[in-house]
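**Q** This is the structure I want to talk about, given as structure tokens.
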Amino acid sequence: MPYLTVGKENLGIIDLYYEDHGAGKPVVLIHGWPLSGQSWEKQVPALLDAGYRVVAYDRRGFGNSAKPTFGYDYDTLAEDLHKLMAELDLAEATLVGFSMGGGEVARYLGTYGSDRVERAVFISAIPPFLLKTSDNPEGVDGSVFDGIMENIAADRPAFLSAFLSEFYNVDVLGGELISDEAVRFSWNVAAAASPVGTLDCVPAWLTDFRDDLTSIDVPVLVIHGNADRIVPFAASGKRTAEMVKDGRLVVVEGGPHGIIWTHAGQVNRELLDFLGQEVLEAQPFAANPT
């Protein structure tokens, strides 16, 4: 199994586990919280069949990656992604971030630019800014995140069970678009994550990505379910699509947070259509066209 060393904690190595398959232009998949790269099970085969090189990695603290007790802020997480991009020497890549992974995409592009990146995709993603403040009235009240942290600290396994039920809208889609076994698999992956990392990622969700988004100079696809109970569409996907310079918005009707599983067919079609579009050079702005 391939690993990339991104740091140290005392004498321990902080390694990121990644998988690198196929050939062609690279598509880098950045998973959501509290899962791992395994959550892209329905996207990887479709991308490989379409002729892309697919790179999926586990965020520090999750999946098969090391589980340090620090580094769960977005500057560090974006740096981890940057090190992976450089180590694999990826070029003309598409970054695809699901949920929390959308934060890595935004902060990476805002910090390191688009030299290695051709496109960006945000799926059920947390940007632009989830926290409700005086200059961000569309956000979510901070007490919601306080409650999440309290419940994780009190009984993480029980919290994960309730969270994943809302993640997939099991009360509505269970037995139709999501099976009990698939939910249980997600719980097993989430329960194996670092307890420290699981908790410490929550404050990172309140990162303000507005400046990162406005700096993005590549085409952007935003896919979001309008029945997302975890990251509300109106507070996130809708605003992200409006904020980037070149954005396309796809709203998944009745889609929950976990649309990469429940609505994988639609997500894959939109993703492959977006990847197949020709990238045009930006034209200079003419103030007084003749």
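Every number here is computed from the coordinates shown, using simple stated rules; none is lab data. As the structure is a prediction and not an experimental result, all values here were calculated from the model. Positions of Cβ are backbone-derived with ideal geometry, glycine not excepted, and every protein chain shown enters the neighbour counts.
**Q** By how many nm would the segment from GLU9 to ALA191 grow when fully extended, if each residue of separation counts as 0.36 nm and the alpha-carbon distance is taken off?
**A** Values: separation 182, 0.36 × 182 = 65.52 nm, distance 2.24 nm.
That pair, GLU9 and ALA191, stretches by 63.3 nm at full extension.
**Q** On to the next question. What distance in nm lies between label points placed 7 Å from Cα along the C-beta direction at SER179 and MET149?
**A** Modelled inter-label distance: 3.9 nm.
**Q** Could you sort out which of LYS8/LYS238; LYS25/LYS132; LYS132/LYS245; LYS42/LYS245 sit more than 32 Å apart by Cα distance in this structure?
**A** Pairs exceeding 32 Å: LYS8/LYS238; LYS25/LYS132.
**Q** Find, among the GluC sites (Glu not before Pro) in the range 122-220, those assigned to loop by DSSP (not H, G, I, E, B) with at most 10 other beta-carbon atoms within 10 angstrom.
**A** Counting only loop positions with at most 10 other Cβ atoms within 10 Å, the GluC sites (Glu not before Pro) in the range 122-220 are GLU176.
**Q** Ok, one more. Which one, PHE233, VAL28, GLY110, projects farthest toward the positive side of the charge dipole computed for the chain from Cβ point charges (K/R +1, D/E -1)?
**A** VAL28
**Q** OK, next. Please get the size of the charge dipole for the chain, origin at its Cα centre, with Cβ charges of +1 on Lys and Arg and -1 on Asp and Glu, quoted in debye to the nearest 20.
**A** Values: 21 positive and 41 negative charges, 27 e Å.
That gives a dipole near 120 debye.
**Q** Once you charge only the Cβ atoms, +1 for Lys and Arg and -1 for Asp and Glu, what is the size of the charge dipole of the range 1-76 about its Cα centre, to the nearest 20 debye?
**A** Taking the Cα centre of the range 1-76 as origin, the dipole is about 40 debye.
**Q** Would you work out if the range 140-266 is rounded, prolate or oblate? Take a ≥ b ≥ c from the square roots of the eigenvalues of the alpha-carbon gyration tensor; rounded if a/c is under 1.5, else prolate when a/b is larger than b/c, oblate otherwise.
**A** In terms of gyration-tensor shape, oblate.
**Q** Where does each of 234-243, 16-25, 218-227, 101-110 land if you order them by average Cβ count within 10 Å, highest first?
**A** 101-110, 218-227, 234-243, 16-25
**Q** Something else about it: Just to be sure I understand, if you calculate semi-axes √(5λ) of the Cα gyration tensor in Å for this structure, which of (i) 34, 26, 17; (ii) 24, 22, 20; (iii) 27, 22, 20 do you get?
**A** Here the calculated entry is (iii).
**Q** Is there a quick way to get the dipole size of the range 111-211? I mean about its Cα centre, with the Cβ of Lys and Arg at +1 and of Asp and Glu at -1; what is the value in debye to the nearest 20?
**A** On the way: 6 positive and 16 negative charges, 53 e Å.
Here the range 111-211 has a charge dipole of around 260 debye.
**Q** Something else about it: Could you tell me which residue out of PRO128, SER215, GLY197 lies farthest along the dipole of the chain toward its positive end? Charges go on the beta carbon: Lys and Arg +1, Asp and Glu -1, centred on the Cα centre.
**A** Highest projection toward the positive end goes to GLY197.
**Q** Next question, about the same structure. Separation of the range 194-225 and the range 20-99 by C-alpha centroid, Å?
**A** 14
**Q** When Lys and Arg each count +1 and Asp and Glu each count -1, what net charge do the other residues less than 12 Å away from THR133, Cβ to Cβ, add up to?
**A** That sum, taken over residues with Cβ under 12 Å, equals -2.
**Q** Let me ask something additional. What residues have an amide H closer than 5 Å to that of LEU131, excluding those fewer than 5 places away on the same chain, when H is modeled at 1.01 Å from N in the peptide plane?
**A** HN-HN under 5 Å from LEU131: VAL140.
**Q** Membrane-span-like helices in the chain: DSSP H runs reaching 20 Å or more (Cα, own axis), mean Kyte hydropathy at least -1.0? Write down the numbers at each step before the final one.
**A** Numbers: long enough: 142-167 (22 Å, 0.55).
Once both thresholds are applied, what remains is 142-167.
**Q** Let me ask something additional. Under the rule of at least 5 residues apart or a separate chain, name every residue whose amide H is placed under 5 Å from the amide H of HIS257.
**A** Excluding prolines and chain starts, which carry no amide H, the hits are ASN169, ARG229, ILE230.
**Q** Let me ask another. Using just the helices of the chain, give the 222 nm mean residue ellipticity in deg cm²/dmol: DSSP H runs with n ≥ 4 each add -39,500 (n - 2.57), and the total is spread over all residues, rounded to 500.
**A** Working: 11 runs with 113 residues, N = 290.
Rounded to the nearest 500, the figure is -11500 deg cm²/dmol.
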